[in-house]
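Peer 1: Sharing a structure, written as structure tokens. Questions coming.
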Amino acid sequence: MKARDRFARVFAVVLCALLGVVAAPALAAPTVSLTSPASGAKFGAPATVTLTATATPAGGTTITKVEFFRSSTLIGTVTASPYTYVWTNVAIASYSLTAKATASDNSTKTSTARSITVATNVLPTVSLTAPANNASYAAPANITITATATDSDGTVAKVDFYAGSTLLGTDTTSPIPSRGTALRPAATPSPHAPPTTPVA
């Protein structure tokens with residue numbers, strides 16, 4: 001190496017030290033978390049899935065958008081809080097969902113993935129357990145009507161009690177009693193699955 005080249009290098013190092021030149025710090029990434037749907041959640045097809053995320057920017061920045069993905073495919077983008085996107089007409093399959101936050105300095109962060117399953121919806125079953133068939137009561141009577149209801153691929157949201165086509169009462173908790181003269185219960189699955197028709 002020529003003396004002139006060595007001098008140029010030494011001069012550059014000294015100049016940088018005098019001017020306080022340092023490498024630019026890495027951008028601080030925002031934080032993001034997918035809060036809905038729950039991991040392992042199951043939905044009846046065609047499903048409506050509400051995706052919700054929380055995102056917090058690093059100091060001195062703001063969140064400019066949150067994107068929702070199924071694997072690497074973009075589902076939707078939200079640019080203001082609350083970061084919620086309703087994904088409709090979701091077909092039968094298993095999905096891996098993530099949320100990606102972008103800050104005003106273009107730094108990004110992707111959430112931990114959550115898995116959900118969309119399958120053919122199995123209708124709930126319901127059975128009237130009281131009163132006994134052909135039971136007789138003296139008028140005016142108060143009759144306690146009880147039913148059992150199950151949903152093999154979800155949860156039962158409510159049971160309606162009918163006299164013919166007239167709705168007499170609704171119960172949303174188990175055990176499921178109702179007072180009246182209904183002889184026909186109808187179960188409705190949780191909101192992510194389509195409702196059933198009354199059971200005779």
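Peer 1: List pairs: first in the range 35-54 and under 16 Å from Ser111 (Cα atoms), second among the basic types (Lys, Arg) and surrounded by 17 or more Cβ atoms within 10 Å (Cβ to Cβ), Cβ under 6 Å, 6+ apart or cross-chain?
Peer 2: Listed pairs, sorted by first residue: Ser39/Arg114.
Peer 1: Then there's this: State all residues of the range 125-147 that are free of Cβ contacts under 8 Å to residues at least 60 places away in the same chain and not small (Gly, Ala, Ser); if no residue qualifies, say none.
Peer 2: So the first thing to find is which residues in the range 125-147 are free of Cβ contacts under 8 Å to residues at least 60 places away in the same chain, and the list is 127-147.
Answer for the range 125-147, where residues must be free of Cβ contacts under 8 Å to residues at least 60 places away in the same chain and not small (Gly, Ala, Ser): Leu128, Thr129, Pro131, Asn133, Asn134, Tyr137, Pro140, Asn142, Ile143, Thr144, Ile145, Thr146.
Peer 1: Follow-up. Sort out which residues of the range 150-191 are among the hydroxyl-bearing types (Ser, Thr, Tyr), at pLDDT 70 or above and closer than 18 Å to Asn121 by Cβ, and write them in order of number.
Peer 2: Start the filter on the range 150-191 by keeping residues that are among the hydroxyl-bearing types (Ser, Thr, Tyr), which leaves 150, 152, 155, 162, 165-166, 170, 172-174, 178, 181, 188, 190.
Among the residues that remain, those that are also at pLDDT 70 or above are: 150, 152, 155, 162, 165-166, 170, 172-174.
Once the filter is applied, which keeps residues that are among the hydroxyl-bearing types (Ser, Thr, Tyr), at pLDDT 70 or above and closer than 18 Å to Asn121 by Cβ, the range 150-191 yields Thr150, Ser152, Thr155.
Peer 1: Mind checking whether some residue in the range 52-70 is part of a strand (DSSP E or B), of a type in the set (Ser, Thr, Tyr), under 25 Å from Val118 (Cβ atoms) and at pLDDT 90 or above? Show your work before the answer.
Peer 2: Here is the first cut: in the range 52-70, the ones part of a strand (DSSP E or B) are 52-56, 63-70.
So of that shortlist, the ones also of a type in the set (Ser, Thr, Tyr) come out as 52, 54, 56, 64.
Still in the list and also under 25 Å from Val118 (Cβ atoms): 52, 54.
So of that shortlist, the ones also at pLDDT 90 or above come out as 52, 54.
Yes; the residues of the range 52-70 include at least one that is part of a strand (DSSP E or B), of a type in the set (Ser, Thr, Tyr), under 25 Å from Val118 (Cβ atoms) and at pLDDT 90 or above.
Peer 1: Considering (1) surrounded by 11 or more Cβ atoms within 10 Å (Cβ to Cβ); (2) of a type in the set (Ser, Thr, Tyr); (3) not assigned by TED's automatic domain parsing to the domain that holds Ala163, say which one Thr129 fails and leave the rest.
Peer 2: For Thr129, the exception is condition (3).
Peer 1: Tell me whether the range 73-83 contains one or more residues that are of a type outside the set (A, V, I, L, M), under 13 Å from the mean Cα position of the chain (by Cα) and more than 23 Å from Val122 (Cα to Cα).
Peer 2: Restricting attention to the range 73-83, the residues satisfying the condition of being of a type outside the set (A, V, I, L, M) are 73, 76-77, 79, 81-83.
With under 13 Å from the mean Cα position of the chain (by Cα) added as a condition, the list becomes 83.
Imposing the further condition that a residue be more than 23 Å from Val122 (Cα to Cα) reduces the set to 83.
For the range 73-83, residues of a type outside the set (A, V, I, L, M), under 13 Å from the mean Cα position of the chain (by Cα) and more than 23 Å from Val122 (Cα to Cα): present.
Peer 1: With Ala139, Ala147 as the choices, which residue is in a strand (DSSP E or B), modelled with pLDDT of 85 or more and not assigned by TED's automatic domain parsing to the domain that holds Gly59? Before you say what the answer is, go through the steps one by one.
Peer 2: Working: Ala139 fails: in a strand (DSSP E or B).
Criteria check complete, one pass: Ala147.
The values are calculated or read from the model by the stated rules, or taken from the named source; none is laboratory data. The model shown is predicted, which means the values in this text are computed figures rather than measured ones. All Cβ positions, glycine included, derive from the backbone under ideal geometry; neighbour counts span all protein chains shown.
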